[in-house]
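Comments concern the structure below.
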Amino acid sequence: MTLDQIAARVRQDQLEVLGAFHTTGEDNLGDGTVVLLGPSEDGFWPNFRASPEYNDGDDDPLDRWSERVICKASAELGAEPRFPFGTPHYPFLSWAIRSGRAWPSPVHLLVHDTAGLWVSYRGALILPERLDLPPHANNPCDTCDDKPCLTACPVGALTSQAYDLPACHSYLDTFPGRACMETGCAVRKACPQSQKHHRIEAQSAFHMDAFHT
């Protein structure tokens with residue numbers, strides 16, 4: 001099994017490999033590899049919108065979709081699935097950092113080498129073998145001189161110092177806040193690496209609605 005083979009399989013469901021790392025004894029996951037999965041932005045949203053989970057009107061459609069497609073891929077690949085939702089809780093944030101493709105940004109949200117501040121993880125595959133892995137990537141923040149994320153929030157709710165969650169939610173209830181609700185968080189959009197990732201605005205609106213309700 002190779003990382004490229006895994007990437008090819010999950011691409012069938014419009015997911016992509018966002019990082020991977022080898023386990024240690026402290027993980028209690030055996031001597032293998034954790035492969036992190038997230039949306040493949042060019043096809044993920046249309047694929048999800050056509051799914052039964054999106055259209056059945058029940059709660060948590062994206063989590064249910066993720067569970068269905070990742071469990072199926074896991075079975076085909078001889079892996080065990082893990083998810084960033086439900087119980088038990090798995091440390092996806094620390095897993096992301098260990099992959100060498102995600103880091104804390106200046107505003108403390110995770111930033112990814114290709115997805116920028118749009119990065120999101122839908123699940124992980126736990127492989128029983130130690131796959132060959134590429135070298136760690138470069139943190140895009142290291143070469144970002146302007147760091148627009150630090151000043152992008154219209155009400156200063158998300159800065160290098162803190163995240164004022166009540167101020168964020170209050171702003172989203174206003175007419176100017178509709179811009180964030182309909183096209184995505186202004187801070188996440190300001191990231192130059194995010195702008196290369198081309199997330200569909202309707203997808204961002206879906207996530208903002210889930211965040212704000």
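The values are calculated or read from the model by the stated rules, or taken from the named source; none is laboratory data. Please read these numbers as outputs of a predicted model, since none were measured by experiment. So basically every Cβ, Gly included, is an ideal-geometry build from the backbone, and we count neighbours across all protein chains shown.
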(request) Take segment 10-25 and flag every residue that is of a type outside the set (S, T, N, Q), under 19 Å from S66 (Cβ atoms) and either without any contact (Cβ under 8 Å) to a residue 40 or more places away in the chain or surrounded by fewer than 16 Cβ atoms within 10 Å (Cβ to Cβ) (or both). (result) R11, E16, V17
(message) Could you go through segment 135-157 and let me know if any residue there is more than 28 Å from P46 (Cα to Cα), in a helix (DSSP H, G or I) and either modelled with pLDDT under 95 or among the β-branched types (V, I, T) (or both).
(response) yes
(request) Note down all Cβ pairs under 9 Å where the first residue falls in segment 104-127 and is more than 14 Å from Q193 (Cα to Cα), the second is of a type in the set (S, T, N, Q) and not in a loop (DSSP other than H, G, I, E, B), and they're at least six residues apart or on different chains. (result) R122/S66; G123/S66; G123/S74; L125/T33; L125/S74; I126/T33; I126/S74; L127/T33
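Taking R82 as the residue in question, decide whether it is basic (K, R), within 24 Å of P134 (Cβ to Cβ), surrounded by 13 or more Cβ atoms within 10 Å (Cβ to Cβ) and within 19 Å of the chain's Cα centre (by Cα). I'd like the intermediate steps shown before the answer.
Numbers: basic (K, R): yes; within 24 Å of P134 (Cβ to Cβ): yes; surrounded by 13 or more Cβ atoms within 10 Å (Cβ to Cβ): yes; within 19 Å of the chain's Cα centre (by Cα): yes.
Considered against the rule, which asks whether it is basic (K, R), within 24 Å of P134 (Cβ to Cβ), surrounded by 13 or more Cβ atoms within 10 Å (Cβ to Cβ) and within 19 Å of the chain's Cα centre (by Cα), R82 comes out as yes.
This table checks each residue for (1) at negative phi; (2) not aliphatic (A, V, I, L, M).
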| site | (1), (2) |
| --- | --- |
| T183 | yes, yes |
| S194 | yes, yes |
| H198 | no, yes |
| A210 | yes, no |
(message) Under 7 Å between Cβ atoms, which residue pairs at least 6 apart in sequence (or on different chains) link something in segment 48-69 that is at pLDDT 95 or above with a partner that is in a loop (DSSP other than H, G, I, E, B)?
(response) D63/F85; W65/S51; S66/F83; S66/R122; E67/F83; V69/D13
